[in-house]
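*Asks:* My questions will all concern the structure given below.
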Amino acid sequence: MGGDLGVLEERTAEIKDVRLRYYIGGEGPPLILVHGLGGAAANWAEMVPLLVGRHRLLVPDLPGHAGSTPLAAAGTLDPYVDRLDRLAELESIERAAVVGHSLGGLVGLRLAVNYSQRVEALVLTASAGIRSSTREAERYLNLAAILRPTRRYARHREAISRSPLLRMLVFGYFGASDPLAMSNGAVDGFLSAMDMHTDTATARRALVQDDPRLDLERVACPVFLLWGARDNQITAEDAFEYARRLRAPLRMVSDCGHLLIGERPDACVEAIEDFLGGLAAQPRFARPS
């Protein structure tokens with residue numbers, strides 16, 4: 001497994017029609033980490049060692065991704081959210097903070113809307129959802145799905161990690177701001193499970209159909225936004241719109257692109273812990289009205 005998820009226990013669970021692979025471990029307030037489209041639990045490999053001593057972590061592979069089997073059918077993100085809620089229930093996690101990256105941010109939003117009792121606080125990290133519902137984004141995602149270069153990347157991840165040129169080709173512009181500065185563990189964490197995916201197309205179609213702006217007023221928990229200042233995939237414009245609509249604080253991480261959870265895991269963990277620590281000091285978790 002890429003990166004260092006070895007500090008967590010790998011488990012599987014049959015939930016409805018899906019076998020979910022997930023990782024769990026640590027002590028402290030529960031924290032759920034949700035990866036993005038075409039990603040995997042391993043994407044959090046650089047952050048998990050920094051968080052496991054402070055939280056009980058639940059890190060799933062979404063259906064159709066990496067070690068989890070696909071859904072039979074899904075026209076929206078709700079079936080993904082339903083399985084995540086049931087997984088938390090299975091692990092006796094009544095309420096948790098949720099951190100979602102890219103598509104995972106939108107899944108976290110849907111979880112906060114559909115199962116508000118489950119989500120104590122929400123961190124949207126370079127979250128998809130606003131620009132993702134445009135025709136331009138649909139064309140880009142469809143093209144990426146047709147080309148499907150990611151399986152080849154997984155098979156050659158060691159070579160990619162060693163080669164500055166390959167790092168730039170794979171992670172440049174739409175991924176990381178400075179691919180050469182990423183650790184080998186981060187590179188491996190983003191690439192290691194890509195050749196295991198069985199169905200990312202269903203999540204891609206659901207992502208394009210989902211416009212969270214219709215439901216943002218229903219998000220009742222505290223929200224924090226964390227974004228790469230040089231994100232060329234989901235730009236700062238989306239971050240500002242989310243912040244305005246959710247009335248939520250936003251922190252931009254300098255010199256980071258879309259993959260900030262691997263580019264600057266230390267800065268991400270510090271920002272998340274500052275947010276959650278501030279909430280814990282309040283009499284109750286609640287956004288101001």
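The values are calculated or read from the model by the stated rules, or taken from the named source; none is laboratory data. Being a predicted model, the structure only gives us computed values, none of them experimental. Ideal geometry is used to build each Cβ from the backbone, glycine not excepted, and the neighbour counts take in all protein chains shown.
*Asks:* Could you please find all residues in segment 173-221 being farther than 27 Å from ALA96 by Cα and either basic (Lys, Arg) or free of Cβ contacts under 8 Å to residues at least 24 places away in the same chain (or both)?
*Replies:* If the condition is that a residue be farther than 27 Å from ALA96 by Cα and either basic (Lys, Arg) or free of Cβ contacts under 8 Å to residues at least 24 places away in the same chain (or both), then PRO179, LEU180, ASN184, ARG205 are the ones that fit.
*Asks:* Any residue in segment 4-26 that's surrounded by fewer than 18 Cβ atoms within 10 Å (Cβ to Cβ): show its pairings with residues that are among the polar types (S, T, N, Q) at Cβ separation under 6 Å, as long as the two are six or more apart or on different chains.
*Replies:* Going by the 6 Å Cβ cut-off, the qualifying pairs are ARG19/THR12; ARG19/THR69.
*Asks:* Also, quick follow-up: Check ARG110, ARG54 and return the single one that is under 30 Å from ALA267 (Cβ atoms), of a type in the set (Lys, Arg) and outside any loop (DSSP other than H, G, I, E, B).
*Replies:* ARG110
*Asks:* Further question on the same structure: Among LEU169, LEU225, LEU180, which is the only one that is at pLDDT 95 or above and farther than 16 Å from VAL107 by Cα?
*Replies:* LEU180
*Asks:* Just a yes or no: is a residue in segment 43-51 touching a residue at least 24 places away in the same chain (Cβ under 8 Å), crowded, with 20+ Cβ neighbours inside 10 Å and within 14 Å of LEU87 (Cβ to Cβ)?
*Replies:* Checked segment 43-51: no residue is touching a residue at least 24 places away in the same chain (Cβ under 8 Å), crowded, with 20+ Cβ neighbours inside 10 Å and within 14 Å of LEU87 (Cβ to Cβ).
*Asks:* Moving to a separate point now. So if I check each of THR69, THR76, which one is in contact with a strand residue (DSSP E or B) (Cβ under 9 Å, 6 or more places away or on another chain) and closer than 20 Å to ARG205 by Cβ?
*Replies:* Answer to the selection: THR69.
*Asks:* Restricting to segment 157-183, name every residue that is surrounded by fewer than 15 Cβ atoms within 10 Å (Cβ to Cβ) and over 23 Å from the mean Cα position of the chain (by Cα).
*Replies:* Selection gives GLU158, ALA159, ARG162, SER163, PRO164, LEU165.
*Asks:* Taking the residues in segment 228-267 that are at pLDDT 95 or above and of a type in the set (Val, Ile, Thr) as candidates, determine which candidate is nearest to LEU124 (Cα to Cα).
*Replies:* Out of the qualifying residues, it is ILE261.
*Asks:* Modelled with pLDDT under 95 and part of a helix (DSSP H, G or I): does that describe ASP199?
*Replies:* no
*Asks:* Out of (1) touching a Lys or Arg at 6+ places or on another chain (Cβ under 7 Å); (2) at pLDDT below 95, the odd one out for TYR22 is which?
*Replies:* (2)
*Asks:* If you don't mind, there's one more thing I want to ask. Pull up segment 70-115, narrow it to residues that are in contact (Cβ under 8 Å) with a residue 24 or more places away in the chain and polar (S, T, N, Q), then point me to the one that is farthest from VAL48 (Cα to Cα).
*Replies:* THR76
*Asks:* Any residue at all in segment 217-235 that is part of a helix (DSSP H, G or I) and within 19 Å of the chain's Cα centre (by Cα)? Before you say what the answer is, go through the steps one by one.
*Replies:* Let us first name the residues in segment 217-235 that are part of a helix (DSSP H, G or I), namely 217-218.
Remaining after also requiring within 19 Å of the chain's Cα centre (by Cα): none.
No: segment 217-235 contains no residue that is part of a helix (DSSP H, G or I) and within 19 Å of the chain's Cα centre (by Cα).
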